[in-house]
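Each remark here refers to the structure printed beneath this line.
No value in this document is a laboratory result; all are computed from the given coordinates. This is a predicted model, so every value here is computed, not measured. Because the Cβ atoms are built from the backbone with ideal geometry, glycine has one as well, and the counts that use them run over all protein chains shown.
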């Protein structure tokens, strides 16, 4: 049921976004009511968490998930001829053969012989834009993260392509030496401490049952359900940002909160981290685009 | 002679043991390769930002040792260096203004590349710790600090220890997850005093 197709006009899109914004508002209000109502922090904690769980369940309805607008726009972009070669992306090889979309996302990142590099989906799309379409990607890179009144080709394309692996399971392979290197570097980067706050990814994501403020933190450092649920639900529509977001954005945002410098878009280190995380998430059922807080 | 030889030998055995333990945990990769990836990942960041992620000895050791049980000699080295790094207020008074401390404990901004320069910063304490019983939105990465000063009967030496912990947490626990707020020059001495007051002033909501 995640594969449904839907075309919405922009007015409809705005209406859907408004709906989610008001839901976020009512959650904030109910959280406020909750905190005023109860006196004892320890006693009310489970209630607060239950309320957040209830909210999560409420918004995970694929039939009103605005991210499917990105899926539709992505499909159009995939088929649109652009660049000096006036070509579409339809012959882009995402690893399963030119133009083959089904299951491609489930096996990324992977080694690509033509580029002699390990690539994630966004790096590969960028490569196809440059090499297949002859497209000057400056504008695409500039719009890498969508915002108010600004759509992102990359976010749209990732939504469309990842959706073609929805219902399938993550199965990245570590066969090529460069895939093995990417995984090992990703692991090292996950545990690498640095910056003004001495943080690594592991600071927040290497233990079970921890929270930051009220937000539960998945343990991503060991294979299992937590990392599977996390990686199997990206790309996702972030209600708080009114945008669909990809793993490139999620990692960028993590480094921001870790007080690290701004990572370069499409950097090999981000792909290495994705490789490490997707390998830990092996066997995860992909359910995307999802919708989150 | 013999004693020296045994010491060298046991150091060697220790190093070998740590080495094999790490080899079992981590996939093999040349540290220079990792550094190259990291450089490439932040290549467009301003030079002063790039300098922030060049690891010091402590960060490098703590990145490699992923097991929370750190060999005692390694831990001692880290803790000794951290203890030596702590700068106390000139007048020795470690308790500032708990109200300012509360703001610092609540505030989560500062040090992010998205933060406007010159905006107020915070220690973001509630992200990881429970403090005032009235604040329900607290994290659990660190222990609860509720009634911290009251539980310690407001003893001055405990207040000094709390100041030290905030200044450089690794003086108390090697490879602690807690940022070295003073050592890394993120919080000033005044701000650390205010946070110590938030923990130790009897009027602070933390102790109510």
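Can you give me the Cα centroid spacing of segment A:119-148 and segment A:58-101 in angstrom?
Their Cα centres are 12 Å away from one another.
Ranking request for peptides B:195-201, A:102-108, A:78-84: highest mean number of other beta-carbon atoms within 10 Å first, then the rest in descending order.
The densest-packed peptide leads the list: B:195-201, A:102-108, A:78-84.
What does the average come to when, for each residue of peptide A:236-248, you count the partner chain Cβ atoms lying within 10 Å of its Cβ?
So the per-residue partner count for this stretch is 0.
With just the Cα atoms of chain B, tell me how far they stretch along each of the three principal axes, in Å, largest first.
57, 49, 35
Roughly how many Å is it from the Cα centre of segment A:180-202 to that of segment B:40-88, as a whole number?
13
Give me the percent relative contact order of chain B, please, defined on Cα pairs under 8 angstrom at least 6 residues apart.
Reported relative contact order: 24 percent.
Under the rule a/c < 1.5 gives rounded, and otherwise a/b versus b/c splits prolate from oblate, where does segment A:93-173 land using the Cα gyration tensor?
Here segment A:93-173 falls in the oblate category.
So if I take the centroid of the Cα atoms in segment B:156-178 and the same for segment A:218-262, what is the distance between those two points in Å?
So the two Cα centres are separated by 31 Å.
What shape does segment A:155-293 have by the C-alpha gyration tensor, where a ≥ b ≥ c are the square roots of the eigenvalues, rounded means a/c under 1.5, and otherwise prolate means a/b greater than b/c and oblate the rest?
Rounded, since a/c falls under 1.5.
Could you tell me the relative contact order of segment A:155-270? Use alpha-carbon pairs under 8 Å, at least six residues apart, and round to a whole percent.
22
Just rank A:203, A:285, fewest to most, by other beta-carbon atoms within 10 angstrom.
Fewest-to-most ranking of A:203, A:285: A:285, A:203.
Quick one: compute the contact order of segment B:93-201, relative version, from alpha carbon pairs under 8 angstrom and 6+ residues apart, as a percent.
Taking the mean separation of contacting Cα pairs over the length of segment B:93-201, I get 37 percent.
Does segment B:73-162 come out rounded, prolate or oblate, given a ≥ b ≥ c as the square roots of the eigenvalues of its C-alpha gyration tensor, rounded meaning a/c under 1.5 and, failing that, prolate meaning a/b above b/c?
Rounded.
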